[in-house]
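Asks: After the structure tokens below, expect a handful of questions from me.
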Amino acid sequence: MQTTIAVPYTRAEVEPPLRTILMIELALPMVLLILGISTGLLQVLYRAGIIRAESFLGISYYQGLTLHGAINAVVFTTFFGVAFGTAVIRFYTGKPLLLGGAWAGCALMVVGTLMAAVPMLTGAASVLYTFYPPLKAHPAFYIGLVLLVVGSWVAFFSWIPTYLAWKRENPDAKMPLAILGTFAAFIVWFIATIPVAVEIIFMLIPWSLGWTQTVNVPLARMLFWFFGHPLVYFWLLPAYTMYYTMLPKLSGGKLYSDFAGRFTFLWLIVYSAPIGIHHQYTEPAISSTWKFVHAFFTMLVAIASLVTAFTLAASMEHGARQRGGKGLFGWWAKLPYLDTERWMFGYLFAGLFIFIFGGITGIINASYNLDNVVHNTAWLPAHFHQTVAGPVFLAFLAGSLLLVSNLTGKAIALPRLNVWMPYVWTLGVMTFSTGLFAGGIMGEPRRTNMGLSYTNPASPLYQPAWRFARVVGTIGGVIMFAAMLMFFAVFFATLLRKRTAAPALELPVSEPLHDENVPAVQALRPWIVAAVILLFVAYTMPFVELVRGNYQGAPGYSPSSPVAQTK
Ligand code: HAS
């Protein structure tokens, strides 16, 4: 029988070199995020028709959209995932990490990011964060992405010996829940990145180098979504790790069920990958049988989040009642919404609130026939701003701020501004998404410079009926930008202030209220085997269909011209 052992300390020292590595992994993406957020505001202004041009401040529409998606959704999330995972392993094992692995991982990620940034900034890689062919980027963009991914693998592999050493010393202890969440995130990531590595290394790099003239577009798209859907759970899992291991403590209580946390993480390993075709319901090269199979598995993946919703609500209720909360609903008033000492609570709670709507709309998208109404419309960015820009982004911002404050020994600056930030962000995201959902239902497309077309009265495409939804979306986008100015003020003011304590990791740790002993959730291997089997079931026939389909290859295009590139 395995039991949860309590962490015997509240502070873990961090060796100076590891501190430097973590600070690079946290501060560099935060600086890039300034550009990622500004290009988000530009998107809103283009779509509103406030900017009616192909480019603004020297950044073209699709170049800005690529920077926005790549920095916010790929670079920031990968760096944070690695930094947070490193901190979790260091804190929960109490053991030094393999510094060589941590340095190598960090260096590869930094070099990869800079390498991909150059073509994005010079307009040679305006292929959006999904880099679908036949849009073609400069080879440095693809090679940079490969290095970013390989760097994150190296970091992950370097944690394993440290964990195994801890396990040898604690043979009867359960794997700490935070470590399970971290490993689950990186197992999902590892599985997901294999197909995209195949796409990039064997298809896109040779094509962009001119070694091959054409590319198989449906095959590349399927390989991308084989990666692209588990990618969203690679984002969600570190956030869920914070929700399960920190939120109950911040609420003043305990995690309602340790089993629920373990089940959620393991369930996501199994079901996050065999569902990528739900992004391709309109793909003519895939038969409806396999679309239906992926739709079915998608409904199963949502179970983990439904379990999470009830477990976290019960944990918050337990915390609130410990703080004197009474009645059926009266306990909600006792949660620390604006407590500057427990400031992380607001970030995590606001993210959960947003996710209720992100989750519901995800299930709508997954319903095969309903997706035909919303696919490729503004509905989609509304959904993903309520998921990745809701619980994930808020948790990652809070985690970055916590770790930077810990690692520098500096107290958080501007504490009142900090506790209000997540609520302003929530107001912005909810308003923004409402506008986009409404527009999407009316047919407003995503990824379109609407200032030159649908919101331009001088254009034959002008759609006056979409105006109100657009105004709502624009107001929401501007509020989101204001919230991020608040966050940047807090983050950089914290970095610049004087040290007040010795640097050390201090993560909030939630004890379990019910520490169930369920052997089925105490070993990773059966769940990984199940994941691999399901992947074979879900993808073998679609690949056979695609390869047998003998689709004609496509030459490269850029978003600024309907004519194929000649080189
Ligand atoms: Fe999604 C498209 C289906 C979750 C991200 N998704 C996207 C895209 C992104 C994305 C980025 O089936 C666009 C990709 C692109 O560029 O084309 N998604 C789902 C489903 C879920 C889901 C079924 N998505 C996510 C998460 C993401 C994410 C998580 C990022 C992290 N999504 C789709 C589909 C598409 C799609 C289709 C393609 C559509 C198309 O046409 O292209 C599920 O995992 C959702 C389950 C979630 C829940 C919610 C649980 C609620 C919780 C909160 C509880 C609150 C509490 C607080 C306790 C069931 C945990 C209470 C407080 C109070 C005040 C009451």
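Condition check ((1) charged (D, E, K, R); (2) buried (at least 23 other Cβ atoms within 10 Å of the Cβ); (3) touching a strand residue (DSSP E or B) at 6+ places or on another chain (Cβ under 9 Å); (4) in contact (Cβ under 8 Å) with a residue 60 or more places away in the chain) across all residues:
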site: THR361; (1), (2), (3), (4): no, no, no, yes
site: ILE364; (1), (2), (3), (4): no, no, no, no
site: ASN376; (1), (2), (3), (4): no, no, yes, yes
site: TRP379; (1), (2), (3), (4): no, yes, no, yes
site: PHE393; (1), (2), (3), (4): no, yes, no, yes
site: PHE396; (1), (2), (3), (4): no, yes, no, yes
site: SER400; (1), (2), (3), (4): no, yes, no, yes
site: VAL404; (1), (2), (3), (4): no, no, no, yes
site: THR408; (1), (2), (3), (4): no, no, no, yes
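Asks: Name the single residue, out of those in the range 262-301 being part of a helix (DSSP H, G or I), near the ligand (Cβ under 10 Å from one of its atoms) and of a type in the set (Gly, Ala, Ser), that is surrounded by the fewest Cβ atoms within 10 Å (Cβ to Cβ).
Replies: ALA295
Asks: Could we say that PHE91 is more than 25 Å from SER560 (Cβ to Cβ), within 16 Å of the ligand (Cβ to nearest atom) and part of a helix (DSSP H, G or I) here? Give the steps one after another, and end with the answer.
Replies: Values: more than 25 Å from SER560 (Cβ to Cβ): yes; within 16 Å of the ligand (Cβ to nearest atom): no; part of a helix (DSSP H, G or I): yes.
Spelling it out, it is not the case that PHE91 is more than 25 Å from SER560 (Cβ to Cβ), within 16 Å of the ligand (Cβ to nearest atom) and part of a helix (DSSP H, G or I).
Asks: Next question. Could you please let me know if ILE194 is within 23 Å of PRO519 (Cβ to Cβ), of a type outside the set (Ser, Thr, Tyr) and part of a helix (DSSP H, G or I)?
Replies: In short, no.
Asks: Something else about it: Considering ALA83, ALA137, ALA107, ALA53, which residue is over 20 Å from the mean Cα position of the chain (by Cα) and closer than 30 Å to TYR243 by Cα? Full working, then the answer.
Replies: Numbers: ALA83 fails: over 20 Å from the mean Cα position of the chain (by Cα); ALA137 fails: closer than 30 Å to TYR243 by Cα; ALA53 fails: closer than 30 Å to TYR243 by Cα.
Result: ALA107 is the single residue among ALA83, ALA137, ALA107, ALA53 that is over 20 Å from the mean Cα position of the chain (by Cα) and closer than 30 Å to TYR243 by Cα.
Asks: Within the range 427-445, track down each residue that is in a helix (DSSP H, G or I), surrounded by fewer than 22 Cβ atoms within 10 Å (Cβ to Cβ) and in contact (Cβ under 8 Å) with a residue 40 or more places away in the chain. So that I can check it myself, show each step before the final result.
Replies: We begin by selecting, within the range 427-445, every residue in a helix (DSSP H, G or I); these are 427-442.
Right, trim to surrounded by fewer than 22 Cβ atoms within 10 Å (Cβ to Cβ) and you get 427, 430-431, 434, 438, 441-442.
Hits for the range 427-445 are LEU427, MET430, THR431, THR434, ILE441.
Asks: Considering every residue within the range 339-351, establish whether at least one is farther than 20 Å from LEU403 by Cβ, aliphatic (A, V, I, L, M) and either more than 10 Å from the ligand (Cβ to nearest atom) or at pLDDT 95 or above (or both).
Replies: Looking for residues that are farther than 20 Å from LEU403 by Cβ, aliphatic (A, V, I, L, M) and either more than 10 Å from the ligand (Cβ to nearest atom) or at pLDDT 95 or above (or both), one finds none in the range 339-351, hence no.
Asks: Now for a different question. Restricting the range 319-336 to residues that are in a helix (DSSP H, G or I) and more than 10 Å from the ligand (Cβ to nearest atom), which is surrounded by the most Cβ atoms within 10 Å (Cβ to Cβ)? Outline the logic, then answer.
Replies: Of all residues in the range 319-336, those in a helix (DSSP H, G or I) come to 319-322, 330-334.
Among the residues that remain, those that are also more than 10 Å from the ligand (Cβ to nearest atom) are: 319-322, 330-331, 333-334.
Values: GLY319: 27, ALA320: 21, ARG321: 17, GLN322: 14, GLY330: 12, TRP331: 19, ALA333: 13, LYS334: 19.
Going through the qualifying residues, I end up with GLY319.
Asks: Name the single residue, out of those in the range 520-531 being part of a helix (DSSP H, G or I) and in contact (Cβ under 8 Å) with a residue 60 or more places away in the chain, that is nearest to GLN2 (Cα to Cα).
Replies: Restricting attention to the range 520-531, the residues satisfying the condition of being part of a helix (DSSP H, G or I) are 520-521, 525-531.
Among the residues that remain, those that are also in contact (Cβ under 8 Å) with a residue 60 or more places away in the chain are: 521, 527-528, 530-531.
Working: VAL521: 11, TRP527: 18, ILE528: 20, ALA530: 23, ALA531: 24 Å.
The extreme case among them is VAL521.
Asks: In addition: What are the pairs with Cβ atoms under 7 angstrom where one residue, in the range 306-326, is without any contact (Cβ under 8 Å) to a residue 24 or more places away in the chain and the other, located anywhere, is more than 10 Å from the ligand (Cβ to nearest atom) and basic (Lys, Arg)? Sequence gap at least six, or different chains.
Replies: What qualifies is GLY324/LYS334; GLY325/LYS334.
One line per residue, one yes/no per condition, for (1) over 28 Å from TRP420 (Cβ atoms); (2) touching a residue at least 60 places away in the same chain (Cβ under 8 Å); (3) part of a helix (DSSP H, G or I); (4) not hydrophobic (A, V, I, L, M, F, W, C):
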position	(1), (2), (3), (4)
THR448	yes, yes, no, yes
ASN456	yes, yes, no, yes
VAL471	no, yes, yes, no
GLY477	no, yes, yes, yes
MET484	no, yes, yes, no
ALA489	no, yes, yes, no
ARG499	no, yes, no, yes
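Asks: Let me ask another. Go through the range 252-261 and report how many residues are in a helix (DSSP H, G or I) and surrounded by fewer than 21 Cβ atoms within 10 Å (Cβ to Cβ). Full working, then the answer.
Replies: Of the residues in the range 252-261, the ones in a helix (DSSP H, G or I) are 258-261.
Filter again for surrounded by fewer than 21 Cβ atoms within 10 Å (Cβ to Cβ), leaving 259.
Number of matching residues: 1.
Asks: Now a separate question. Out of ALA6, ALA73, ALA104, I need the residue that is surrounded by fewer than 22 Cβ atoms within 10 Å (Cβ to Cβ), among the small types (Gly, Ala, Ser) and outside any helix (DSSP H, G or I). Which one? Spell out the reasoning first.
Replies: Details: ALA73 fails: outside any helix (DSSP H, G or I); ALA104 fails: outside any helix (DSSP H, G or I).
On inspection, the qualifying residue turns out to be ALA6.
Asks: Evaluate the following for ASN418: is it at negative phi, modelled with pLDDT under 95 and part of a helix (DSSP H, G or I)? Before you say what the answer is, go through the steps one by one.
Replies: Numbers: at negative phi: yes; modelled with pLDDT under 95: no; part of a helix (DSSP H, G or I): yes.
It is false that ASN418 is at negative phi, modelled with pLDDT under 95 and part of a helix (DSSP H, G or I).
Asks: So, one more: Only residues that are near the ligand (Cβ under 7 Å from one of its atoms), crowded, with 19+ Cβ neighbours inside 10 Å and closer than 16 Å to ILE363 by Cα: list them for the range 303-318, please.
Replies: Hits for the range 303-318 are SER305, THR308.
Asks: Does any residue of the range 378-385 turn out to be closer than 30 Å to THR500 by Cβ and away from the ligand (no atom under 11 Å from the Cβ)? Working first, answer last.
Replies: Taking the range 378-385 and keeping what is closer than 30 Å to THR500 by Cβ, we get none.
No, the conditions are met nowhere in the range 378-385.
Asks: When only residues in the range 107-120 that are over 18 Å from TRP235 (Cα atoms) and in contact with a Phe, Trp or Tyr (Cβ under 7 Å, 6 or more places away or on another chain) count, which is surrounded by the fewest Cβ atoms within 10 Å (Cβ to Cβ)?
Replies: Residue satisfying both the conditions and the ranking: PRO119.
Asks: Any residue at all in the range 233-248 that is modelled with pLDDT of 95 or more and more than 29 Å from PHE157 (Cβ to Cβ)? Explain how you work it out, then say what you get.
Replies: Here is the first cut: in the range 233-248, the residues modelled with pLDDT of 95 or more are 233-248.
When the remaining residues are screened for being more than 29 Å from PHE157 (Cβ to Cβ), the result is 247-248.
Looking for residues that are modelled with pLDDT of 95 or more and more than 29 Å from PHE157 (Cβ to Cβ), one finds at least one in the range 233-248, hence yes.
The values are calculated or read from the model by the stated rules, or taken from the named source; none is laboratory data. Nothing here was measured: the structure is a model prediction, and the numbers come from that model. Positions of Cβ are backbone-derived with ideal geometry, glycine not excepted, and every protein chain shown enters the neighbour counts.
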